[in-house]
Amino acid sequence: MLKKTTAVATPEQIDRKWYVVDAQGQVLGRLASQVAVLLRGKNKPCYTPNIDTGDYVIIINADKVVLTGNKLEQKTYFTHSGYAGHGKFQKYGDMMKTKPEFVVEKAVKGMLPHNKLGAAQFRKLHVYAGSEHEQAAQKPVKYELV
């Protein structure tokens, strides 16, 4: 009888690539879910759930991402300093003016695993508000979102 085995990727076998994603005019949630797939490596045939098989992703034009519906006025972000009574709510529109990178990073981080593996995958994400980035030496490939 033939023995069937499942191929499991090892860290030495993983070939990581660099991708550039243009966020201009993209819906935040759809952008974040597709970037999370790239960071996790679910688009590769060697995907293994317990090993980081993902690629590096650079997101440019984070300040031009859009939300649908009335989320621009209704969606809020909550931050807490750690002291009692020091929680802050900020609207999405205000966050886009001050820290557009944080908005995209938070959306992508929420779609990754909430453990050490997710933290390692999140470290491969680089977000920039403008169209310039610092990773030109890695020769990233432009990735078209579906």
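From the mean inverse distance of alpha carbon pairs (Kirkwood) and the Cα radius of gyration, derive Rg over Rh for the chain.
That ratio is 1.05, to two decimals.
Ordered by residue, what ³J(HN,Hα) values in Hz, to whole numbers, does region 65-72 give under the Karplus form 6.51 cos²θ - 1.76 cosθ + 1.60, where θ = phi - 60° and Gly and Pro are x?
Using θ = phi - 60°, the values come out as 6, 10, 10, 8, x, 9, 5, 4 Hz.
Give the aspartates and glutamates whose C-alpha is closer than 16 Å to that of Lys97, dropping any in the same chain fewer than 8 places away, or say none.
Asp63, Glu73, Glu105
Using DSSP to call loops (not H, G, I, E or B), can you name the trypsin sites (Lys or Arg not before Pro) in region 1-85 whose Cβ has at most 10 other Cβ atoms within 10 angstrom?
Those satisfying the criteria are Lys3, Lys4.
Provide the FRET efficiency to the nearest 0.05 for the Asp94-Ser131 pair, computing r from the beta carbons and using R0 = 25 Å.
The computed FRET efficiency comes out at 0.65.
Taking amide H positions as placed in the peptide plane 1.01 Å from N, state which residues far from Val127 in sequence (5 or more) or on other chains have amide H under 5 Å from it.
Long-range HN contacts for Val127: Ile59.
May I ask what percent, to the nearest 5, of DSSP beta bridges between residues of the chain are antiparallel?
Bridges in the chain that DSSP calls antiparallel: roughly 30 percent.
Once phi is turned into ³J(HN,Hα) by the Karplus curve 6.51 cos²θ - 1.76 cosθ + 1.60 with θ = phi - 60°, what whole-Hz value does each residue of region 44-59 show in order, with x for glycine and proline?
These are the phi-based 3J(HN,Hα) values: 9, x, 8, 4, 10, x, 9, 10, 6, 9, x, 9, 7, 10, 10, 10 Hz.
Magnitude of the Cβ-charge dipole of region 1-127, K/R +1 and D/E -1, about the Cα centre, nearest 20 debye?
That gives region 1-127 a dipole magnitude of about 300 debye.
What ³J(HN,Hα) values, in whole Hz, does the Karplus curve 6.51 cos²θ - 1.76 cosθ + 1.60 give for region 95-107 when θ = phi - 60°, with x put for Gly and Pro?
My calculation for region 95-107 gives 5, 5, 6, 8, 9, x, 5, 4, 5, 5, 4, 5, 5 Hz in order.
How many angstrom separate the Cα center of region 122-146 from the Cα center of region 1-65?
13
Rule-based calculations on the coordinates, nothing more; no lab input. Fair warning: this is a prediction, and the values are worked out from it, not measured in the lab. Ideal geometry is used to build each Cβ from the backbone, glycine not excepted, and the neighbour counts take in all protein chains shown.
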